[in-house]
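Have a look at the structure below, then the notes.
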Amino acid sequence: MLIDQGTKALALARLSQQNRIPLFGDWLGLQLAFNPGTVMSLGSGSTWLLTLVAAAASVALLIAATRARAAGWAVVIGLLLGGAVGNLLDRLLAPPGFGVGHVTDFLAYGNLFIGNLADVLIGVGVGLGLLLYLLGAQRSRDGERRGAAVDA
């Protein structure tokens with residue numbers, strides 16, 4: 001969260017909305033953008049609602065963090081919480097005003113969208129969470145098969 005806010009401050013100081021600095025050709029670059037919505041500006045007309053959802057998600061993730069029993073799930077929750085709070089701070093404190101602030105973005109993924117470090121944390125957290133879930137479901141099915149073979 002702190003690193004996210006630091007990178008956003010650096011982006012505000014060094015980048016412009018008009019010029020893109022290429023990092024990997026046209027695939028990835030640096031360009032300043034302000035997003036009132038979610039990914040690809042979805043929900044841009046409901047910034048206040050997104051702020052409420054982000055606040056509720058942050059509280060739920062904080063509660064989940066206190067109940068995490070496995071290190072992997074604690075990491076997932078930490079990544080999601082860091083990303084959610086990073087973008088929530090923008091919504092609360094950035095212009096145009098409290099609760100309707102636009103998220104500062106600067107990582108330009110080709111011509112698809114522009115995101116930030118908090119978005120990366122959320123994406124990695126979701127991917128890792130999905131992987132842990134699938135691995136847990138596979139272990140459960142493997143255990144059921146072994147149990148069925150013993151019962152037969």
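Just a few scattered comments:
- Dipole of the chain computed with +1 at Lys/Arg Cβ and -1 at Asp/Glu Cβ about the Cα centre; of Leu62, Pro22, Leu2, farthest Cα towards the positive end is Leu62.
- Spin-label pair Gln138/Ala64, simplified geometry with 7 Å Cα→Cβ offset, distance in nm: 2.2 nm
- Trypsin sites (Lys or Arg not before Pro) within segment 34-94: DSSP coil, no more than 16 neighbouring Cβ in 10 Å: Arg69
- Given 14 as the ceiling on other Cβ atoms within 10 Å, longest exposed-site-free region of the chain for chymotrypsin sites (Phe, Trp or Tyr not before Pro) in DSSP loops: 28-97
- The chain: DSSP helices with Cα axial extent of at least 24 Å and average Kyte-Doolittle hydropathy no lower than -0.5: 47-67, 71-93, 117-151
- Positive end of the dipole of the chain (Cβ unit charges, origin at the Cα centre): among His102, Ala11, Ala71, the Cα lying farthest that way belongs to Ala71.
Bear in mind that the values in this text are calculations on the coordinates, not laboratory data. On a predicted model such as this, the values are computed, not experimentally measured, just so you know. Cβ atoms come from the backbone with ideal geometry, glycine included; neighbour counts cover every protein chain shown.
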